[in-house]
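The values are calculated or read from the model by the stated rules, or taken from the named source; none is laboratory data. Everything numeric here is computed off the predicted structure, so don't read it as measured data. Counting neighbours? That spans all protein chains shown, and the Cβs are built from the backbone with ideal geometry, glycine included. Ligands, DNA and RNA are excluded from the accessible area calculation, which covers all protein heavy atoms including side chains. Shrake-Rupley method; radii C 1.70, N 1.55, O 1.52, S 1.80 Å.
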Amino acid sequence: GQQLNQSPQSMFIQEGEDVSMNCTSSSIFNTWLWYKQDPGEGPVLLIALYKAGELTSNGRLTAQFGITRKDSFLNISASIPSDVGIYFCAGANTNAGKSTFGDGTTLTVKP
Amino acid sequence: ETGVTQSPTHLIKTRGQQVTLRCSSQSGHNTVSWYQQALGQGPQFIFQYYREEENGRGNFPPRFSGLQFPNYSSELNVNALELDDSALYLCASHPLAGYNKFSTDTQYFGPGTRLTVL
């Protein structure tokens, strides 16, 4: 089946630094999604991408849909302590409810 | 908060038992998806229900079954529990226009049910 490789597995950064994480797939997706999950909660959508090559921003977050449709990256600029959490990429074809998720990048931000 | 609720919050069962988990979808959402999230991993798609019918299934055995009710709430049933079934079970809801229709609508997750199988 489809698998997503998400890297890095974890990151430890200083407050104010920029962060970059990415996701690659062995097969193409029509939609790439980035979620954040806090302890005890379900994932929350950060950014959704629907076209190859698309670059989308949400505040300090920027994500891109790779031109091959097999990869995506997420950047966070000027990190703050509340950015701590687990970030997941997900790919979907017909609808977001049938997403394939990566195994997450755990972000720790030191004040 | 997303408006998607799940019950119970936590559950402990023993191997071989059966379990039913419940999900109330967000108002206006006719589609519910269920995911299994093992510790340290991303959510894995179990199945999706649209208007009370299964609309796609992931790589899970038949002992994982589901229901959706006319009010769009949903249940996940797992029979003959195994130790590896211990996980966080998440449901997510979103609107959908039809079976296998492409949709750009966002899915909203509930907080999950933590199942422990001993």
Q: Compute, for B:R22, the solvent-accessible surface of its heavy atoms (probe 1.4 Å) with the complete set of protein chains present, and express it in square angstrom to the nearest 10.
A: 110 Å²
Q. With r defined as the distance between the Cβ atoms of A:S77 and B:T104 and R0 fixed at 30 Å, what FRET efficiency is calculated, to the nearest 0.05?
A. 0.70
Q. If you average the sequence gap of Cα pairs under 8 Å that are 6 or more apart and divide by the length of chain B, what percent do you get for the contact order?
A. 37 percent
Q.
Over chain B, with a Gaussian network built from C-alpha contacts below 10 Å, which listed residue (B:P43, B:P62, B:P95) shows the highest mean-square fluctuation?
A. B:P62
Q: Quick one: go through region B:52-77 and flag any residue whose amide nitrogen is under 20 Å from the point 7 Å out along the Cα-to-Cβ line of B:S27.
A: B:69-74
Q. Which whole-angstrom value gives the distance between the alpha carbon centres of region B:50-118 and region A:1-39?
A. 24 Å
Q) Modelled label-to-label distance, A:T68 and A:T108, 7 Å Cα→beta-carbon offset: nm? A) 3.3 nm
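How much of the accessible area of chain A, in percent, comes from carbon and sulfur atoms when a 1.4 Å probe is used?
52 percent
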Q) Over all Cα pairs of region A:1-98, how is the pair count split among 10 Å bins, expressed in % and running from 0 up to the last occupied bin? A) 16, 50, 29, 5
Q. Given 10 Å bins starting at zero, what is the percent of C-alpha pairs of chain B in each, up to the one with the largest pair distance?
A. 15, 49, 30, 6, 0
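Calculate, for the protein assembly as shown, the solvent-accessible area per residue in square angstrom, rolling a 1.4 angstrom probe over the heavy atoms of the protein chains. Could the numbers behind the result be given before it?
Values: 10610 Å² over 229 residues.
For the protein assembly as shown, the per-residue accessible area is 46 Å².
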Q. How about the protein assembly as shown: what cysteines have no other cysteine beta carbon under 4.7 Å from their own?
A. none
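When you look at the Cβ of every residue in A:40-47, what mean number of other chain Cβ atoms sits within 10 Å?
Details: counts 5, 7, 16, 10, 4, 6, 0, 0.
Taking all residues of A:40-47 together, the mean is 6.
Let me know the number of lysine pairs in the protein assembly as shown closer than 21 Å at the Cα, not counting same-chain pairs under 8 apart.
Values: A:K36/A:K70; A:K36/A:K98; A:K36/A:K110; A:K51/A:K70; A:K51/A:K98; A:K51/B:K101; A:K70/A:K98; A:K98/B:K101.
Value for the protein assembly as shown: 8.
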